[in-house]
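Notes follow the structure.
Taken together, the values in this text are just the output of simple stated rules run on the coordinates, not laboratory data. Small disclaimer: the values here were computed from a predicted structure and weren't measured. All Cβ positions, glycine included, derive from the backbone under ideal geometry; neighbour counts span all protein chains shown.
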Amino acid sequence: MKKILLPFLAFLYVIANAQTNYLIVGTYTGGKSEGIYVYHFNSSTGGFDSVSMIKTNNPSYLAISPDEKFVYAVNEAADKGNGGKVSAFSFNKSNGKLSFIDQQPSVGDDPCYVSVDKTDKWIAIANYTSGSLSILPINKNGGLDAAATSIQHQGKGVNKERQEGPHVHCTVFSKDNKYLFATDLGTDQVSIYSFNPANGKLTQLNPGFVSTDAGTGPRHLTFHPNNKYAYLVQELKGVVSAYQYSNGQLKLIENISSLPAGFKGAIGSADIHTSPDGKFLYASNRGTSNDIAIFKIDQQTGKLTAIGRQSTLGKTPRNFNFDPTGNFLLVGNQESDDIVIFKVNKTTGLLSDTGKRINVGKPVCIKWISK
């Protein structure tokens with residue numbers, strides 16, 4: 001009996017372990033939060049448990065290195081044009097702990113986004129208040145060196161309160177690592193640069209940007225898994241733009257609202273992701289809506305059809321993300337101090353509340369590392 005039981009138990013252990021990943025949460029510090037939080041997350045049950053925490057100031061956006069050995073966090077702060085920082089941490093998969101390596105200036109104020117290129121040698125940072133972006137080299141131990149490239153955007157938009165100057169909000173590398181896309185909420189543009197991974201240099205293409213409708217405020221950009229389409233959420237008007245994508249160029253397909261019909265409340269669209277299988281698109285709305293808009297993606301055209309909405313059951317859903325299996329969608333409600341865990345219906349794309357909550361102060365970024 002023991003000869004049969006032991007292999008069976010070992011099999012169950014392997015299956016259970018394969019369904020568990022590390023959940024890495026960035027926050028705004030102060031109040032209930034002190035830094036970056038690490039959890040175990042079970043993709044079969046939606047269950048979780050706390051693993052570790054490391055103190056760091058306002059790690060409002062995170063990026064995971066391709067080899068999953070390092071985590072990079074912006075430290076969102078301002079000081080007359082050069083107050084922002086970015087920190088590098090090593091990650092130990094055996095115990096789930098982060099260790100601080102070093103920190104560099106982000107070459108701007110209020111960095112709000114960081115991404116790692118496919119060679120694992122460079123990070124790109126968006127400095128919101130300064131309206132600038134920078135490229136920093138990653139050294140051999142996973143730490144960072146001083147910026148190799150920094151670009152200052154120029155211009156403003158029609159919204160005098162929010163678009164008085166440039167506000168770079170995200171920096172996204174293309175899947176082939178040849179281009180960098182920088183959304184600018186302040187100028188209603190997505191700038192497109194060719195990227196040289198040999199030296200970290202950026203060269204703006206010709207044409208070097210796509211413009212959105214005036215006053216819409218581009219925020220986050222994501223690419224479809226088939227790499228034929230890209231989707232942009234625009235903070236100030238609650239608009240999602242769908243684009244055809246090829247070789248660094250974006251061609252507008254359509255604009256569609258992410259807000260309820262006839263909505264008259266405060267707008268504050270935030271994040272956007274496709275489902276891992278590419279069938280559905282999700283966009284979060286803050287303001288007074290506090291929900292996730294759900295769209296079906298036409299696989300042949302990239303067009304969107306609104307199919308549902310899901311309350312985030314909290315306030316200010318700044319960021320959300322799917323777990324690695326696509327079974328669950330986790331929403332960070334910044335002002336409710338919790339992460340709400342939804343079950344994903346992979347057939348309909350709709351979400352249902354699991355009743356599970358991760359209590360953490362001001363969660364604003366959700367990332368994953370395999371266990």
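Structure values in brief
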{"item": "Under 13 Å, Cβ to Cβ, from residue 93 - net charge with Lys/Arg +1 and Asp/Glu -1", "result": "+1"}
{"item": "Quotient of Cα Rg and 2.2 N^0.38 Å for the chain, N being how many residues it contains", "result": "0.96"}
{"item": "Reduced Cα scattering model of the range 23-135, Debye log10 I(q)/I(0), q = 0.18, 0.21 Å⁻¹", "result": "-0.88, -1.11"}
{"item": "Radius 15 Å from Cβ of residue 193, net charge of other residues (Lys, Arg +1; Asp, Glu -1)", "result": "-1"}
{"item": "Three-way shape call for the range 198-245 based on the alpha-carbon gyration tensor, with the a/c threshold at 1.5", "result": "oblate"}
{"item": "Global geometry of the range 157-284, whether rounded, prolate or oblate, following the gyration tensor of its Cα atoms and the 1.5 cut on a/c", "result": "oblate"}
{"item": "Amide N proximity, the range 318-359 versus residue 279 label position 7 Å along Cα-to-Cβ, cut-off under 18 Å", "result": "322-330, 342-353"}
{"item": "The chain - mean residue ellipticity at 222 nm from DSSP helices (-39,500 (n - 2.57) per run, n ≥ 4, rounded to 500)", "result": "-1500 deg cm²/dmol"}
{"item": "Calculated FRET efficiency for the pair residue 325/residue 176, C-beta based, R₀ 30 Å, to 0.05", "result": "0.70"}
{"item": "Candidates 172, 51, 74: whichever shows maximal mean-square fluctuation once the chain is modelled as a Gaussian network with Cα springs under 10 Å", "result": "51"}
{"item": "Burial order of peptide ranges 141-152, 61-72 (average beta-carbon count within 10 Å, highest first)", "result": "61-72, 141-152"}
